[in-house]
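A quick write-up on the structure given underneath.
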Amino acid sequence: MSSTVAKALSLLNYFSESEPEIGLSELARRSGVDKATVHRMLAVMCDHGLLEKRGDARLYRLGAGVLRLARVRETAFPVSSVFQHSLDTLSAEIGETAHGSLIAGRALATIGVSESNRGSRVSLVAGEILPMHSTASGMVVLAFSRPEFVDRALGEPLVAKTSRTVTDPNIIRARLQEVRLTGYAEADQTNEDDVYGIAMPVFDTDGTPAGAIAVAMPAHRMTNELRRHTISALFAEADKLNFGIGGRPPAEFRAAAARFSPT
């Protein structure tokens, strides 16, 4: 993919439920691309229905073309409703926020959230982009991905999201070996302060990761008992979820699930 096309498509990642409309100047600032170039990119995407401009407000939002493509994908690969059922089950059982994500380029896109009803809880929004290197979901996806995908994900400069974020690709690769053995990944305040995440992969029909399912809670609430309970519940729900979407977990993941003991 040419760098121009890649930069243009990357602009779509800045839109989310919490920020559905963004102006030209802000998109240029975030992307690091000059305004004239960003304006041309936005115009082309508007022409093809991926974006639309809201009246005279000079704000852009996702266009109907994105909705059409999303419906085509959901028809061919129906995951949203299956994910949401598992997320609701997890959140009710654990009492913490559960979220699911699918691979979107070099990152993960959140496709479903079931929030805890506690006053102190972790909040996410659908469409939120999760980095691979700093989240439990990203780490568990990388652990079971093909080497070329890992190389691509770790080949760009890695941003430190908190003081605990690991940005050295060599250290991350070593940790991926451990994650592959256990079948799950944990992130202790590596993407956001006072947030502890535990994630498990969800697989595609070819045995490669399609995304992840995870539970996130305030780090100060994490205990050994809660950790064991969460991992056990994730294994159970990941099994149901993979069955529901036709995913085929590889032998390494099945072996990790068989080795896990909640005691």
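For region 148-190, what are the residues that are of a type outside the set (V, I, T), farther than 20 Å from L226 by Cα and not in a helix (DSSP H, G or I)?
Across region 148-190, the qualifying residues are G155, E156, P157, L158, A160, K161, S163, R164, D168.
Given the conditions (1) of a type outside the set (S, T, N, Q); (2) over 15 Å from S145 (Cα atoms); (3) surrounded by 17 or more Cβ atoms within 10 Å (Cβ to Cβ), and given that I172 satisfies all but one, which numbered condition is not satisfied?
Only one criterion is unmet by I172, namely (2).
Scan the helices (runs of 4 or more DSSP H) fully inside region 9-86 and keep the ones with 1 or more residues being more than 19 Å from I111 (Cβ to Cβ), among the acidic types (D, E) and at pLDDT 90 or above.
Filter on region 9-86 gives 24-31, 35-47.
Which residue is surrounded by the fewest Cβ atoms within 10 Å (Cβ to Cβ), if the candidates are limited to region 211-223 and must be part of a helix (DSSP H, G or I) and without any contact (Cβ under 8 Å) to a residue 40 or more places away in the chain?
H220
Look through L226, L234, L241 and report the one residue that is at pLDDT below 95, of a type in the set (A, V, I, L, M, F, W, C) and either crowded, with 16+ Cβ neighbours inside 10 Å or in contact with a Pro (Cβ under 6 Å, 6 or more places away or on another chain) (or both).
Result: L241 is the single residue among L226, L234, L241 that is at pLDDT below 95, of a type in the set (A, V, I, L, M, F, W, C) and either crowded, with 16+ Cβ neighbours inside 10 Å or in contact with a Pro (Cβ under 6 Å, 6 or more places away or on another chain) (or both).
Go through (1) assigned to a helix (DSSP H, G or I); (2) surrounded by 15 or more Cβ atoms within 10 Å (Cβ to Cβ); (3) among the hydrophobic types (A, V, I, L, M, F, W, C) for A255 and report which single condition fails.
That leaves (2) as the condition not met.
Which ones in region 100-118 are part of a loop (DSSP other than H, G, I, E, B) and either modelled with pLDDT of 90 or more or buried (at least 21 other Cβ atoms within 10 Å of the Cβ) (or both)?
Across region 100-118, the qualifying residues are E115, S116, N117, R118.
The values are calculated or read from the model by the stated rules, or taken from the named source; none is laboratory data. A quick note: this is a predicted structure, and the numbers were derived from the prediction, not measured. Cβ sites come from the backbone with ideal geometry, for glycine too, and all protein chains shown count toward neighbours.
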